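To keep things clear, I will list the structure first and then write my remarks on it.
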Amino acid sequence: MTGTMVWLIVAAIAFVGSHMLLSGTPLRGVLTRVLTEAGFIGLFSGLALATLIWLAWAYADAPYQELWIAAPWMKMVTWLIMIFAVLFAILGFATPNPTAVQAERLFSEPDTVTGILRVTRHPIFWGIGLWAIAHLISNGDLASVIFFGSLALLAFAGAASQESRKRQQLGRSWDGFEQTTSFVPFVAILAGRNKLVWNEIGLWRILLAVIAFAALVKFHELVIGVSPMPH
């Protein structure tokens, strides 16, 4: 079955399904009680890595079935989306976020909502999701739709699942956080529930994102085998 589209679909189902099963169902609570929180995180991380490697391997080995040819405007859209993807991801990693694993203590600290969290409470998920969407647009084959579509689905569904779990666990602490932030970027700002403060984002984080973006462009062909530069 390896080297077939079916194998890729099975890998995609295992990747997305295992994440949602362990994080979005009562099974998480059962396993946490048996393994402790640290044990569950170890299990979850190991399974996530294993299924991601399987998915990437199945994608690299899948047959090519063209669905569309990426037009020049699609390439430009991909570049635009990638700018936001890298910004969200890097700023998210560099900003303390109470939604992160074992970071609930941040809910009790003053000024929890700062920097990129004023834009969206899930910057890393948005970074991953936008990265996947950008690559789905510029790769018009069935295997890429399955691969990058799975990553995008998991990013946004995972964020929604996390919100549901945090809402049950934290109650009023989560409600206050939710009121001053937004799932979709800039919604809380446009609604007047927050405002963008550039000083909180920090020039060093912006520079870090620029360096990361430049590195991705520079080493993309070396690592992936395909140049992202327009021809």
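Structure values in brief
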{"quantity": "LEU31 being under 16 Å from the mean Cα position of the chain (by Cα), hydrophobic (A, V, I, L, M, F, W, C) and assigned to a helix (DSSP H, G or I)", "calculated": "no"}
{"quantity": "Residue satisfying condition, being in contact with a Gly (Cβ under 7 Å, 6 or more places away or on another chain) and either at pLDDT 95 or above or farther than 24 Å from GLN162 by Cα (or both), within set ILE69, ILE53, ILE83", "calculated": "ILE69"}
{"quantity": "Matching residues, the stretch 83-111, being without any contact (Cβ under 8 Å) to a residue 40 or more places away in the chain and hydrophobic (A, V, I, L, M, F, W, C)", "calculated": "PHE93, ALA100, ALA103, LEU106"}
{"quantity": "Some residue of the stretch 55-66 being part of a helix (DSSP H, G or I), touching a Lys or Arg at 6+ places or on another chain (Cβ under 7 Å) and either free of Cβ contacts under 8 Å to residues at least 12 places away in the same chain or over 25 Å from ALA11 (Cα atoms) (or both)", "calculated": "no"}
{"quantity": "Number of positions in the stretch 41-73 that are surrounded by 16 or more Cβ atoms within 10 Å (Cβ to Cβ) and touching a Ser or Thr at 6+ places or on another chain (Cβ under 6 Å)", "calculated": "2"}
{"quantity": "Residue satisfying all of: in the stretch 11-40; touching a helix residue (DSSP H, G or I) at 6+ places or on another chain (Cβ under 8 Å), under 30 Å from ASP61 (Cα atoms) and aliphatic (A, V, I, L, M); surrounded by the most Cβ atoms within 10 Å (Cβ to Cβ) among these", "calculated": "ALA11"}
{"quantity": "The lone exception for THR51 - which of (1) part of a helix (DSSP H, G or I); (2) assigned by TED's automatic domain parsing to the domain that holds THR181 it fails", "calculated": "(2)"}
{"quantity": "Search result, residues across the stretch 113-132 that are at pLDDT 95 or above and surrounded by fewer than 21 Cβ atoms within 10 Å (Cβ to Cβ)", "calculated": "none"}
{"quantity": "From PHE44, PHE40, PHE88, residue being assigned by TED's automatic domain parsing to the domain that holds PHE156 and in a helix (DSSP H, G or I)", "calculated": "PHE88"}
{"quantity": "Residue match in the stretch 14-23 (condition: closer than 20 Å to LEU151 by Cβ, assigned by TED's automatic domain parsing to the domain that holds ALA159, at pLDDT 90 or above and within 21 Å of the chain's Cα centre (by Cα))", "calculated": "no"}
{"quantity": "Only one of LEU208, LEU142, LEU154 that is surrounded by 14 or more Cβ atoms within 10 Å (Cβ to Cβ) and within 17 Å of the chain's Cα centre (by Cα)", "calculated": "LEU154"}
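The values are calculated or read from the model by the stated rules, or taken from the named source; none is laboratory data. Everything numeric in this text was worked out from a predicted model, so none of it was measured. Neighbour counts run over all protein chains shown; Cβ positions are idealised from the backbone, glycine included.
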